[in-house]
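See structure below.
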Amino acid sequence: MKNTFGNSIAVTVFGESHGEAIGVVIDGLAPGIPVDNNRIEFELSKRRPSSSIDTPRREPDKFHILSGVFRGKTTGTPLTIIIPNENTKSEDYTYGIARPSHADYAAFCKYHGFEDYRGGGHFSGRITAGIVAVGGILLPMLENMGIKIGTHILKCGDITDSAFSDFEKDIDALKNSNFPTISKDCGAKITEKISETSKKGDSIGGITQTAVIGMKKGVGEPFFDSLESLLSHALFSIGGIKGVEFGKGFDFADALGSECNDEFEIKDGNIGTLTNNNGGINGGISNGMPILFNCAVKPTPSISLTQNTVDFVKSENTEISVKGRHDPAIIRRICPVINSISAIVIADALASRFGTDIFLKGAEKCSLD
């Protein structure tokens, strides 16, 4: 099992949904980076269930920093965060009955029955709380360099939000919003859609849109560590994400080169493009335009409707109506996870290009553009 992502800055996740705790280790951070517990708590609050359209499992997420921070600053040694599980209900889970579209059977095939199956174990979305805690450290670190990351719900069912337009204004508004949409009335419509779906015992998916602004130019590699492949690698580690597209994405298929090419211009002494169909990345390398990508988020596989499945221990067909406490849609709570895992990728890519001490300098002082 591999649970570590990153080269210069590496993040390792650990724990199980119904185990004693979940957590994360960050290795490679430069010493002297401010760590604000209030910001970590703020990011975790955005992921935490808080309404009727979220899972009834409410965890306080009382995190503890065990190492790597002294007097409010990173020490440069591995930074370990642990988040206790305080509200488990393991009796809702029966071993051997494969929940459709969950990892139960695949995990059995890999771990030969030794896996912790309760609540999905290590495959649970609960593990992403550690990722969001990391975001509470890396997001402000990047903001200090002028790099901001924001994610909103672009689509849920037949409800569509406005796309990013005024990037910095939109990202700042999302940061302080209780519901991750750009249009003010869209959040209420999506909430109603999710609520209607939940009452039917079903779930619903959607599409998120993420923007990264202020990114340094020239970051990424031409092939296997292209910025797109690094982001995709990390994003697909979030269990509910089944598709990623950059810029115009799959709409390129129905367009002409003359319609899609991002023409260059010099404005106020800065080289940029008139459009951003490629999502801020050319040849796997950042070009200074906003990095823009969408993620397809599947409907939560845990639904109460009766479905066909198998008992892989008894080797027989059976049916299942999934019990337990589950989100009818994870589209709202996945947005802070995407922000945080994107921050991990961006921070690691920057550290690989410029060295980890870049984060100790102001963006103006770096002169790396």
Worksheet, complete the sentence: Mean separation of Cα contacts under 8 Å (at least 6 apart) over the residue count of the chain, i.e. the relative contact order in percent, is 23 percent
Item to complete: For every other residue with a beta carbon closer than 15 angstrom to the beta carbon of GLU259, add +1 if it is Lys or Arg and -1 if Asp or Glu, then tell me the sum.
Response: -3
Fill in: Those trypsin sites (Lys or Arg not before Pro) in segment 1-107 that DSSP places in a loop and that have at most 11 other beta carbons within 10 Å
LYS2, LYS62, ARG71
Fill in: Per-residue [θ]222 nm for the chain (sum of -39500 (n - 2.57) over DSSP H runs n ≥ 4, rounded to 500)
-8000 deg cm²/dmol
Discussion item. Quick check: the distance between the Cα centres of segment 24-56 and segment 69-147, to the nearest angstrom?
Written reply: 12 Å
Worksheet item: Of the cross-linked pairs LYS155/LYS217; LYS148/LYS169; LYS46/LYS216, which ones have a Cα-Cα span greater than 19 Å in the structure shown?
Response: LYS155/LYS217; LYS46/LYS216
Practice prompt. Sort GLU192, GLU221 so the one with the fewest other Cβ atoms within 10 Å of its own Cβ comes first.
Written response: GLU192, GLU221
Fill in: Gyration tensor (alpha-carbon) shape descriptor, segment 275-352, a/c threshold 1.5
prolate
Discussion item. Over the Cα atoms, compute the radius of gyration (one decimal) and Dmax (the largest Cα-Cα distance, rounded to a whole number) for the chain, in Å.
Written reply: 21.0, 70
Practice prompt. Rank ALA133, ALA351, ALA173 by mean-square fluctuation in a GNM of the chain with C-alpha springs under 10 angstrom and give only the top-ranked residue.
Written response: ALA173
Discussion item. Students often forget the sequence filter, so: which lysines lie under 19 Å Cα-Cα from LYS200 once same-chain residues fewer than 8 apart are removed?
Written reply: LYS189, LYS298, LYS323
Worksheet item: How would you order 302-309, 178-185, 7-14 from highest to lowest mean count of nearby Cβ atoms within 10 Å?
Response: 7-14, 178-185, 302-309
Practice prompt. Could you work out the Kirkwood radius for segment 28-180, taking every pair of different alpha carbons, averaging 1/r and inverting it, reported in Å?
Written response: 18.3 Å
Practice prompt. Compare the peptides 286-299, 310-323, 109-122, 261-274 by average per-residue count of other Cβ atoms within 10 angstrom and give them in order, highest first.
Written response: 286-299, 109-122, 310-323, 261-274
Fill in: Assigned charges on the beta-carbon of Lys, Arg, Asp, Glu; the chain dipole about Cα centre (debye)
840 debye
Worksheet item: Under 13 Å Cα-Cα from LYS175, which aspartates and glutamates qualify once same-chain neighbours fewer than 8 residues away are excluded?
Response: GLU43, GLU143
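FYI, it's all coordinate maths here, none of it is from the lab. For clarity, every value in this text was computed on a predicted model and none was experimentally measured. Here Cβ is always computed from backbone atoms with ideal geometry, including for glycine, and neighbour counts include all displayed protein chains.
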